[in-house]
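A quick write-up on the structure given underneath.
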Amino acid sequence: MMGGLENDDSSVGAYATRPEDYDAYGFYLEPLIKEYHKIEGNTKQEHDWNIPVGQYLLTNIHPNLK
């Protein structure tokens with residue numbers, strides 16, 4: 001919530017920083033996410049958080065891509 005307080009131009013102001021935040025704070029985050037993305041009805045999105053270590057490092061981005 002500090003991000004929203006420090007960035008008053010942010011339209012949401014609440015962010016999950018870890019996957020388990022969605023479990024702990026889902027009661028609060030879900031309505032915000034649905035409103036922000038204009039999602040209606042009951043939905044369930046699942047993610048695979050098992051990202052291979054080192055695969056998505058910024059150092060792996062090609063230097064000529066901007």
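The values are calculated or read from the model by the stated rules, or taken from the named source; none is laboratory data. Small disclaimer: the values here were computed from a predicted structure and weren't measured. Cβ atoms come from the backbone with ideal geometry, glycine included; neighbour counts cover every protein chain shown.
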Based on what the data block shows, is Gly3 modelled with pLDDT under 80 and of a type in the set (Gly, Ala, Ser)?
-> yes
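Got a sec? Which of Glu30, Glu40, Glu46 is surrounded by 10 or more Cβ atoms within 10 Å (Cβ to Cβ) and either in a loop (DSSP other than H, G, I, E, B) or modelled with pLDDT of 75 or more (or both)?
On the way: Glu40 fails: surrounded by 10 or more Cβ atoms within 10 Å (Cβ to Cβ); Glu46 fails: surrounded by 10 or more Cβ atoms within 10 Å (Cβ to Cβ).
Result of the check over Glu30, Glu40, Glu46: Glu30.
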